[in-house]
Amino acid sequence: MSLTVLFLTSCSNDDEDEDLGNWVDRSVFDGSPRSGASSFTIGNTGYIALGYDGDDYLNSVWAYDMDGDFWSQKADFPGVARNAAVGFEIDGTGYVGSGYDGLDELGDFYSYNPGTNTWTEIASLSTTTRRSAVAFGINGFGYFGTGYDGENDRKDFWKYDPSTDSWSELVGFGGDKRRAATTFTIGNSVYLGTGVSNGSYLDDFWVFDSTTESWTSKLDLDEEDDYSITRSNAVGFTISGYGYIACGEFGGTATSVWQYDPSDDTWEEKTNFEGTSRQDPIAFSNSSRAFVGLGRTGSLYLDDFDEFFPFEEYDEDD
Amino acid sequence: MKWFSVTILLLLFIGLLLYLIPGLGTKEEKSDFKVQVVTTQGGFGYRIFNGEKILIKQDFIPAVQGDKPFATAKDAQLIGNLVAQKLSNSESPVVHLKEIENLNITLPVN
């Protein structure tokens, strides 16, 4: 019955109201579900590390070749297997750290050299260990902040300098404490929003200017009545100068996708993610192409993976 | 009573047909995984194909630190077969270090 209702609904808004954007199935492995994995992109290769499959915390690492649409298994992550870790890239090197191993929040970090396929432990966080934080690499530095430390949600930010292998605190983020927030990067700017704290979904939205290392508040994620962007455990990515927030959790798991236009600080809804609604998926983007997949819905762990074409008409058959 | 036995027979017959016609009602494309051993720089690797489509390209030994190719074609074939078998069973195709040890795969020292 609910299927029939869904079907009727999807037919009724078929005409001019159709959101733009198409999702195309990409190469996947049946039977490799994982949620809360970490990802980073180096050139046209997307890396997935760690995660949880419903039974085990994972330490395997896979590389996805965007041009060839195939996978390679890389060197295992050398730290303890975990999920809810962060992943980011600085100048062609991947970084993964923090997270949760089923017992404790973690603060150790590792770098990945794609040229030699080797992992090296780097300086651990000099602050409380945590999971479900955000991190991004830009302008030669790594930035890490927010998250949950096992007792409290956090709002502090830390900066990693690869040249000295050290962390230092970065003051100035004016947003509230939160976990499971999302970022995306457009040019020199990193946008941060969504996330949850004490059961409330945050609606503030921020931009970090990497050249001045300063945060500025943007319009709230519920600024317009028809916005439904607030959520947690979503993914953010960038395609051709636009930012995207997709999937996640808001009372239940979500499929909706919103596109951010930095030129006028506005959001537009796109075609929903084609697969099952999900939280804690992963996304790769190399600024011109983006891929979203994996994650979970309730206790069902997912293994599918799609490429998103934001300006194409939706076609359910690809 | 007679219509009852006729129905049973008919059902049995349909069942037999379904059994005899392979692939009917099953998703056939997923089970067709092929392993191809390739020569790479300094050793061997493998490719896993699902039908015609390349799924995994492994120039180096999975899970192991460093870009280390397999020392022999036989080693590459063994791990490739393991991965294809996992995919056929709809299991994760991840290769664990333990499996590499258990299959006595030679790890090049460098």
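Readers should treat all values here as calculations from the given coordinates under stated rules, not as data from a laboratory. Source: prediction; values computed, not measured. Cβ placement follows ideal geometry from the backbone for every residue including glycine, while neighbour counts extend to all protein chains displayed.
Just counting partner chain Cβ atoms within 10 Å, what average do the residues of peptide B:85-93 show around their Cβ?
Numbers: counts 0, 3, 4, 2, 2, 5, 4, 11, 8.
Mean partner-chain Cβ count within 10 Å for B:85-93: 4.
Residues of region A:148-163 with the amide nitrogen closer than 11 Å to a label point 7 Å from the Cα of A:N198, along Cα-to-Cβ, please. It comes to A:153, nothing else.
Compute the FRET efficiency between A:D261 and A:T212 as 1/(1 + (r/R0)^6), taking r as their Cβ-Cβ distance and R0 = 25 Å, and round to the nearest 0.05.
Details: r = 22 Å, r/R0 = 0.89.
For A:D261 and A:T212, the calculated efficiency is 0.65.
If R0 is taken as 51 Å, the Cβ-Cβ distance between A:D220 and A:T118 corresponds to a FRET efficiency of 0.70.
Any chance you could run the full-extension gain for A:E151 through A:E269? It's 0.36 nm times the residue separation minus the Cα-Cα distance, nm to one decimal.
Gain in length upon complete extension: 39.0 nm.
Which angle from 0 to 90°, rounded to the nearest 10, does the C-alpha axis of helix A:2-12 make with the longest principal axis of chain A? The angle comes out near 70 degrees. Farthest towards the positive end of the charge dipole of the protein assembly as shown, among the residues B:S90, A:P114, B:A73, is the Cα of B:A73, using unit charges on the Cβ of Lys, Arg, Asp and Glu.
Ordered by the count of other Cβ atoms within 10 Å of each Cβ, fewest first, A:S163, A:S217, A:S197 give A:S163, A:S217, A:S197.
Binning the C-alpha pair distances of region A:39-171 at 10 Å intervals from 0 yields a P(r) profile of 13, 46, 33, 8, 0 %, listed from the shortest bin outward. Per q in 0.10, 0.11, 0.13 Å⁻¹, report the Debye log10 I(q)/I(0) for chain A, using one uniform scatterer on each alpha carbon and no solvent. Summing over Cα pairs of chain A leads to -0.51, -0.63, -0.90.
Take the Cα of B:K34, step 7 Å toward its Cβ, do the same at A:S228, and the gap between the two points is 4.7 nm.
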